[in-house]
Amino acid sequence: MDVTAVPEVLCAALVLTGRPVLVVGGGRVAEQKLVRLLACGARVTVVAPEATAAVHAWHAAGEVAWHERCFVGGDVEGAVFVLTATGHAEVDGAVYAACEARAVLCNAADRPDRSSVWLLAQRRRGRIVIGAGTMGSAPGLAGRLADLAAATFTPTVERAVRAYANLRKARGAEAARVWRDLPWDEMAEREDRADVFEEREPEAEPKASTP
């Protein structure tokens, strides 16, 4: 891949809870991907002739389905997302080709040229999620970039996000919009003030006095 010419991308968060995901490969890298997928609640199927002890354990516990064989193109049918981490370029390329033919999103470990999705290093604290990446060109640095961004997750910022979310839930997006440019500390101070979240009935117009 030419790292000087990369396409424009749309960053998004995949909600994979209960959704079918395919992992091709059963080695150490695939295991790392599986940890994140299981944390998301995905319904994971692994296709690999061999697998790590952790994959064996997850399979025995019923947390993943494991087909102990090599990949075939039809394996991607029904999956909403596919990750391949076999360490073999020809296999990862075949997985990518099968996904492209069926319009299925695919991530190939260490092969940005064989991926329609690049995974971001992510850090989460409460409602705040930060993702950082290098568009597949320098994945070893993604974690450091995410840590750098996460250093801004101060308790004040967390309180401010909770306050904004509570106001938006209580009074709607339009009411919350006026808070967007407030200083973080000022927004955070409003978290425990119930009065800012309460809907108020409009004051009645004073009745005109009759002579």
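The values are calculated or read from the model by the stated rules, or taken from the named source; none is laboratory data. These numbers were taken from a predicted model, which means no experiment stands behind them. Glycine also receives a Cβ, built like all others from the backbone with ideal geometry; neighbour counts cover every protein chain displayed.
Points worth noting:
- The stretch 66-105, residues that are closer than 18 Å to Ala51 by Cα and not aliphatic (A, V, I, L, M): Trp66, His67, Glu68, Arg69, Cys70, Phe71, Asp75, Thr84, Thr86, Gly87, His88, Asp92
- Residue tally, condition outside any loop (DSSP other than H, G, I, E, B) and either assigned by TED's automatic domain parsing to the domain that holds Ala109 or farther than 19 Å from Ala12 by Cβ (or both), over the stretch 135-149: 6
- Candidate set: the stretch 1-51, residues that are touching a residue at least 40 places away in the same chain (Cβ under 8 Å) and assigned to a strand (DSSP E or B); chosen: the one surrounded by the fewest Cβ atoms within 10 Å (Cβ to Cβ): Pro20
- Residue in the stretch 28-46 that is more than 22 Å from the chain's Cα centre (by Cα) and among the small types (Gly, Ala, Ser) present: no
- Qualifying residue in the stretch 126-134 (condition: part of a loop (DSSP other than H, G, I, E, B), assigned by TED's automatic domain parsing to the domain that holds Arg43 and surrounded by fewer than 16 Cβ atoms within 10 Å (Cβ to Cβ)): no
- Pairs where the first residue, in the stretch 61-72, is free of Cβ contacts under 8 Å to residues at least 24 places away in the same chain and the second is part of a loop (DSSP other than H, G, I, E, B) and exposed (fewer than 12 other Cβ atoms within 10 Å of the Cβ), C-beta under 9 Å, 6+ apart: Glu68/Glu50
- Filter result for Arg177 (among the charged types (D, E, K, R), at pLDDT 90 or above and outside the structural domain of Val80 (by TED's automatic domain parsing)): no
- Candidates in the stretch 150-195 are the residues that are part of a loop (DSSP other than H, G, I, E, B) and buried (at least 16 other Cβ atoms within 10 Å of the Cβ); of these, the one that is nearest to the chain's Cα centre (by Cα) is Phe153.
- Members of the stretch 125-160 that are at pLDDT 90 or above and charged (D, E, K, R): Arg144, Asp147, Glu158, Arg159
- Some residue of the stretch 162-176 being of a type in the set (S, T, N, Q) and farther than 30 Å from Lys33 by Cα: yes
- Taken over the stretch 63-73, residues that are small (Gly, Ala, Ser) and under 24 Å from the mean Cα position of the chain (by Cα) amount to 1.
- Scan the stretch 81-93 for residues that are in contact with a helix residue (DSSP H, G or I) (Cβ under 8 Å, 6 or more places away or on another chain) and closer than 16 Å to Val46 by Cα and the total you get is 7.
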